[in-house]
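Input: a single structure, listed below in structure tokens.
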């Protein structure tokens, strides 16, 4: 039961996937992905999706978070077979849980998608958006659409631009970069979540001496919704 509750707590009620940058509404305590909750707020969709309570705009001002700028797409909650389907399987057959978000890329060959911010620098797309963009790019498409904060955006692979659907005059540049290029560019943050340069430099200095973490590089960050 505790494991089940942990999975439920880790799942965003909006996108129904494991939360990326979990963000809590102070008034009611309900938790969502930062970008999912931001979409609800920006599109005036009636407060908290769970209880319709108020969403404090300060959530998108300067709340502290912990963020891995190179995070992978997290694994979604376990997908189980429907009872009727499961009954048709041999009882001795082991059926592995489906990992719909697993990356098939070699870490050394992994590519990141970044976009130019409104006011400064380069920012990484939210990992699930990034995955959709990479899949479309590898499929040889000339463009694709992704939903960002509840709004459809076009990614143009010919001109390497992104813009709100139907509003090409609001285009921003995008890039597809390697892990080394990602580090060299000095990416500001992820999906509107700002990581201060001083913390990145501090982390890199520490890494020259010894690894800070065996699994990921995490930074304390502040979120600024206006940067997306």
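Brief remarks on what is shown
- Boolean, residue 99 is modelled with pLDDT under 65 and either at positive phi or touching a strand residue (DSSP E or B) at 6+ places or on another chain (Cβ under 9 Å) (or both): yes
- Per the listing 85, 24, the residue uniquely more than 17 Å from residue 125 (Cβ to Cβ) and either in contact with a strand residue (DSSP E or B) (Cβ under 7 Å, 6 or more places away or on another chain) or at pLDDT 85 or above (or both) is 24.
- Hey, residue 114 under 29 Å from residue 58 (Cα atoms) and modelled with pLDDT of 95 or more or not: yes
- Looking across segment 111-151, the residues that are assigned to a loop (DSSP other than H, G, I, E, B) and exposed (fewer than 15 other Cβ atoms within 10 Å of the Cβ) come down to 118, 119, 120, 139, 140, 141, 142.
The values are calculated or read from the model by the stated rules, or taken from the named source; none is laboratory data. This structure is a prediction, so every number in the text was calculated from the model and none was measured. All Cβ positions, even for glycine, are placed from backbone atoms using ideal geometry, and neighbour counts span all protein chains on display.
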